[in-house]
Structure formats: structure tokens, C-alpha cells
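Notes for the one structure printed next.
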Amino acid sequence: MKKFFKSIVITTAASSILLASAAMAVDKKIAVVNFQEVMGKIPQTAVVMQSLEAEFKDEKAVLTQLEKDIKYYQEKSQRDGALMAPKEKEELEKQIASLYQDYQVKGKALQQKAGQRQGEEQNKIIALVRQAVDNIATKGKYDLVLEQKSILFVKPELTITDQVIEQVSKIK
């Protein structure tokens, strides 16, 4: 009987603690920001994409030319293969293989280099967005700012996404 009363007292105390913490959470001011929407709408993202495109334009042109050369020699092999001497055919196949290997090496290098640069630039933009979120949270006296993708439902008045976009867009 004592154990029964003891378990009831413990259960009641635990329930009270949970209710008290839930009540305290209600007093907190919470905001939500849609990070993907911010990244998609701020002008800095477009500027970075354009600058990266320009930065790697020459290397992409080299890859495009290699693609064209490979395609040309493959078509030549199919078209003229029956008329070629075995030695000519073998040399053409070696040339295609060499071009393809060069294409793969240069393509992989470009992909890594571009990915690294994109990551660097994206980190700069993320820092600007975080700074804007911090400023808005401080001015609005928010206790907690959450990423929208981790939330199933949010009232529109709790979203600060437009404010973040506006503030980051003002930064040059």
C-alpha cells in the first residue's frame, strides 16, 4: 500500500513538473525562418552564381570542346570505320580513348574546384543570413528562431522569412 501511494505521489510530481515546463514554454517568443526561401530570393545568391559561372567559363569551354571532339571522332569511326585500314582504326580508337580520359580528368577537377568555390561563397552568404536572423531576433526579442523545414505547421505571423530577405538584400 505504501508503494502504491509513493508511486502516485511521484507520478503527480512528475506531471506537475511537465505541466509547469509546458506552461513556461508558452511564454517564450518563437519565430520561424525558411532558409531555402531566403537563399533563393536574396540577390547575393544570384550574384555569386554569376561570378562562379564567369570564373569557370574557360574551363567549361574546354570541356565542351572535348565533348565535341569525342563525338566527332566517334561518328567518324562509325561512318568511315569499314573503309579504314586496321592501323588507322586502332589509332582513331586510341585518340578517342585519350580524349575521353582527358575529358574525365578535367571534368572531375572542374567539378571539385567549382564545388569548393561554391561552398566558400555559400558560407559567406550563410553568415550574412545568420547575422540578419540574429539582428531580427534581438530587435524582436525572440527567445527561439527555428528553421521551417523542421516544423510541420507554423502560423504565418511567426514567420520572419520576409524580414530576413529584406535585411540581407540591403547588404551589398
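The values are calculated or read from the model by the stated rules, or taken from the named source; none is laboratory data. All values reported here derive from a predicted model rather than from experimental measurement. Virtual Cβ from ideal backbone geometry, glycine too; neighbours counted across all protein chains shown.
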Within the stretch 153-171, how many residues are of a type outside the set (S, T, Y) and in a helix (DSSP H, G or I)?
11
Answer from K60, K87, K71 - the residue that is on the phi < 0 side of the Ramachandran plot and surrounded by 13 or more Cβ atoms within 10 Å (Cβ to Cβ):
K60
Under 9 Å by Cβ, and 6 or more places apart or on different chains, what pairs join a residue from the stretch 35-64 that is under 27 Å from S169 (Cβ atoms) and free of Cβ contacts under 8 Å to residues at least 60 places away in the same chain with one that is among the polar types (S, T, N, Q) and assigned to a helix (DSSP H, G or I)?
M49/Q118
Give all pairs with beta carbons closer than 9 Å in which a residue from the stretch 79-103 that is under 28 Å from A61 (Cα atoms) and aromatic (F, W, Y) meets a residue that is in a helix (DSSP H, G or I) and modelled with pLDDT of 90 or more; count only pairs at least 6 apart in sequence or on separate chains.
Y100/L66; Y100/I70; Y103/L63; Y103/L66; Y103/E67; Y103/D69; Y103/I70
Might you check whether a residue that is outside any helix (DSSP H, G or I), at pLDDT below 90 and out of contact with any strand residue (DSSP E or B) (no Cβ under 8 Å at 6 or more places or on another chain) occurs anywhere in the stretch 57-80?
no
Out of contact with any Phe, Trp or Tyr (no Cβ under 8 Å at 6 or more places or on another chain) and more than 26 Å from L52 (Cα to Cα): is that true of D143 in this structure?
yes
Limited to the stretch 43-81, what total is found for residues that are β-branched (V, I, T) and under 23 Å from Q101 (Cβ atoms)?
3
Using the structure shown, decide if I96 is under 21 Å from the mean Cα position of the chain (by Cα), among the aliphatic types (A, V, I, L, M) and modelled with pLDDT under 95.
no
